[in-house]
Amino acid sequence: MAQYARIADGRVAEIIRLDGIVPADVFHPDVAATIFAVGETVEEGGSYVDGAYSPPHPPPLPTKAELIGYVADRRWHAEQAGTAWHGWQIHTDDRSQGKYLSELQAIALNVRVDGDPWKFADGVFRPVSNADFPQLAIAAREHVRTVFGIEGAVLAQIEAGTITTAAEIEAAFG
């Protein structure tokens, strides 16, 4: 299959692949005149100057402020995403974090019925004993603590200049 590039304003506007035909067979002559046969390395946004192809310029790296904003947002999403406890997904959003504290207080005040059901992230209510509930709350806390730790480590790397892209931030959060 032959690959062609349609050029507009000196830039590759589109990549066209044709099987066994040439642009002049399928396009109006004015359009066909803007289409050139190319190799496999052409990308949209690249430029053609005097018949020579130049790949598109890479986008500029984000600013430090943009990276700091991105990592904060990424941490928040990771924090809110939940975690697992005994093989069940549990909520870790802001509201749920408060509910864990409320249940721990109810246990401490001896007003929580032992084995009261707890609604898990899959929407299913399951009994959780008063003895087990602190471990559930600790799992949620550890998840939140971990993602804040990742954010802190990434911020230090942004300041040091060793993290310079959103992709590197994503990789840090796994």
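Below are the figures for this structure:
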read-out: Single unsatisfied condition, I158 versus (1) in a helix (DSSP H, G or I); (2) more than 19 Å from the chain's Cα centre (by Cα); (3) of a type in the set (V, I, T); value: (2)
read-out: Any hit, region 137-151, residues being part of a helix (DSSP H, G or I), more than 20 Å from S96 (Cβ to Cβ), without any contact (Cβ under 8 Å) to a residue 12 or more places away in the chain and among the small types (G, A, S); value: no
read-out: Among the residues listed as A5, A65, A37, A32, the single one being of a type outside the set (V, I, T), modelled with pLDDT under 85, more than 30 Å from I138 (Cα to Cα) and open to solvent by 70 Å² or more (accessible area, probe 1.4 Å); value: A37
read-out: Residue satisfying all of: in region 125-153; out of contact with any Phe, Trp or Tyr (no Cβ under 8 Å at 6 or more places or on another chain) and among the aliphatic types (A, V, I, L, M); farthest from H77 (Cα to Cα) among these; value: A131
read-out: Residue among A166, A171 that alone is open to solvent by less than 70 Å² (accessible area, probe 1.4 Å) and either of a type in the set (S, T, N, Q) or more than 20 Å from G87 (Cβ to Cβ) (or both); value: A166
read-out: The lone exception for I107 - which of (1) of a type in the set (A, V, I, L, M, F, W, C); (2) touching a Gly at 6+ places or on another chain (Cβ under 8 Å); (3) more than 30 Å from Y70 (Cβ to Cβ) it fails; value: (2)
read-out: Top-ranked residue in region 130-152 [being open to solvent by less than 50 Å² (accessible area, probe 1.4 Å) and among the hydrophobic types (A, V, I, L, M, F, W, C); ranked as farthest from A81 (Cα to Cα)]; value: F133
read-out: Residue ID - most open to solvent (accessible area, probe 1.4 Å), chosen from residues in region 77-119 that are within 28 Å of the chain's Cα centre (by Cα) and among the acidic types (D, E); value: D94
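The rows are residues; the columns are (1) among the hydrophobic types (A, V, I, L, M, F, W, C); (2) farther than 13 Å from I90 by Cα; (3) out of contact with any strand residue (DSSP E or B) (no Cβ under 9 Å at 6 or more places or on another chain).
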site	(1), (2), (3)
N110	no, yes, yes
W118	yes, no, no
A121	yes, no, no
P127	no, yes, no
N130	no, yes, yes
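Yes or no, residue by residue, for (1) in contact with a helix residue (DSSP H, G or I) (Cβ under 7 Å, 6 or more places away or on another chain); (2) in a strand (DSSP E or B); (3) polar (S, T, N, Q):
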| position | (1), (2), (3) |
| --- | --- |
| A65 | no, no, no |
| Y70 | yes, no, no |
| A78 | yes, no, no |
| A84 | no, yes, no |
| T92 | yes, no, yes |
| R95 | no, no, no |
| Y100 | yes, no, no |
| E103 | yes, no, no |
| A106 | no, no, no |
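The values are calculated or read from the model by the stated rules, or taken from the named source; none is laboratory data. In this text, all values refer to a predicted model and were calculated from it rather than measured experimentally. Don't worry about glycine lacking a Cβ; one is built from the backbone with ideal geometry, like all the others, and counts go over all protein chains shown. Note: areas computed on protein heavy atoms with side chains; ligands, DNA, RNA excluded. Shrake-Rupley method; radii C 1.70, N 1.55, O 1.52, S 1.80 Å.
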